[in-house]
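Trainee: Questions regarding the structure given below will be posed in turn.
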Amino acid sequence: MQKSQIVKIKTVCFTGHRSIPEKRAILIPRALETMISGLIAMGAQSFRLGGAVGFDTIAALSVLEAKEKHPHITLDLILPCRDQTEKWDEYNVKAYNYILSRADSVSYVCDKYTRGCMYERNRRLVDGSDMVIAYLERTSGGSAYTYRYAKEKGIEVVNIYDIVKNT
């Protein structure tokens, strides 16, 4: 009889839709707070995000809130390009700049937007992560790609949508 191997979770990344129905968006922070606290208790130290609007912003703010109680954890941003916010509204740019200013590390796939920079960012988020926390309602788009990529690599994925969808 083989002992089952316990996977240590040190690095967690997030992926999710940019557009989330408000009735679900208001439930996500509480679900993330519970999940992040549990992961920190289990040894998670690094939380990686891609800096998009929507779920990424909610998750980044949740990690920053957790850092107030657990200053040893890190918020590590892996961003697609330096001009990512070029077409964003003022509110989302302010939130992005706030998150950027409080991040422990920031890296960019490239300086200017290119056709593949978002997918490359998503692969970098997953590569080196022990777990992915997703908000995935649809089976198409960048979040669905990232979800499948993580599954193909044998990385555990938890979909927050499954927690908030029936509320």
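The values are calculated or read from the model by the stated rules, or taken from the named source; none is laboratory data. Because the structure is predicted, anything quoted here is derived from the model rather than measured. FYI the Cβ positions are ideal-geometry reconstructions off the backbone, even for glycines, and counts take in every protein chain you see. For accessibility, only protein heavy atoms count, side chains too; no ligands or nucleic acids. Shrake-Rupley method; radii C 1.70, N 1.55, O 1.52, S 1.80 Å.
Trainee: Filter the range 79-121 down to residues that are aromatic (Phe, Trp, Tyr) and farther than 23 Å from residue 145 by Cβ and give me whichever is farthest from the chain's Cα centre (by Cα).
Mentor: Keep residues of the range 79-121 that are aromatic (Phe, Trp, Tyr), which gives 88, 91, 96, 98, 108, 113, 119.
So of that shortlist, the ones also farther than 23 Å from residue 145 by Cβ come out as 91, 98.
Numbers: 91: 20, 98: 16 Å.
Top of the filtered list is 91.
Trainee: Here is a follow-up. Take the residues of the range 99-127 that are in a helix (DSSP H, G or I) and open to solvent by 80 Å² or more (accessible area, probe 1.4 Å): which is nearest to residue 45 (Cα to Cα)? Step through it out loud before you land on a result.
Mentor: Of the range 99-127, the ones in a helix (DSSP H, G or I) are 99-102, 117-126.
Remaining after also requiring open to solvent by 80 Å² or more (accessible area, probe 1.4 Å): 101-102, 119, 124.
On the way: 101: 19, 102: 16, 119: 25, 124: 17 Å.
Among residues in the range 99-127 that are in a helix (DSSP H, G or I) and open to solvent by 80 Å² or more (accessible area, probe 1.4 Å), the one nearest to residue 45 (Cα to Cα) is 102.
Trainee: May I ask you to list the residues in the range 128-144 that are open to solvent by 50 Å² or more (accessible area, probe 1.4 Å), in contact (Cβ under 8 Å) with a residue 12 or more places away in the chain and over 14 Å from the mean Cα position of the chain (by Cα)?
Mentor: 137, 138
Trainee: So, in the range 141-167, exactly how many residues are within 13 Å of residue 16 (Cβ to Cβ), of a type outside the set (Gly, Ala, Ser) and assigned to a helix (DSSP H, G or I)?
Mentor: 7
Trainee: Collect the residues in the range 2-51 that are modelled with pLDDT under 95, under 30 Å from residue 110 (Cβ atoms) and charged (D, E, K, R), keeping them in residue-number order.
Mentor: 18
Trainee: Taking residue 154 as the residue in question, decide whether it is closer than 22 Å to residue 35 by Cβ, surrounded by fewer than 13 Cβ atoms within 10 Å (Cβ to Cβ), without any contact (Cβ under 8 Å) to a residue 60 or more places away in the chain and of a type outside the set (Asp, Glu). Write out each step before concluding.
Mentor: Working: closer than 22 Å to residue 35 by Cβ: yes; surrounded by fewer than 13 Cβ atoms within 10 Å (Cβ to Cβ): yes; without any contact (Cβ under 8 Å) to a residue 60 or more places away in the chain: yes; of a type outside the set (Asp, Glu): yes.
In short, yes.
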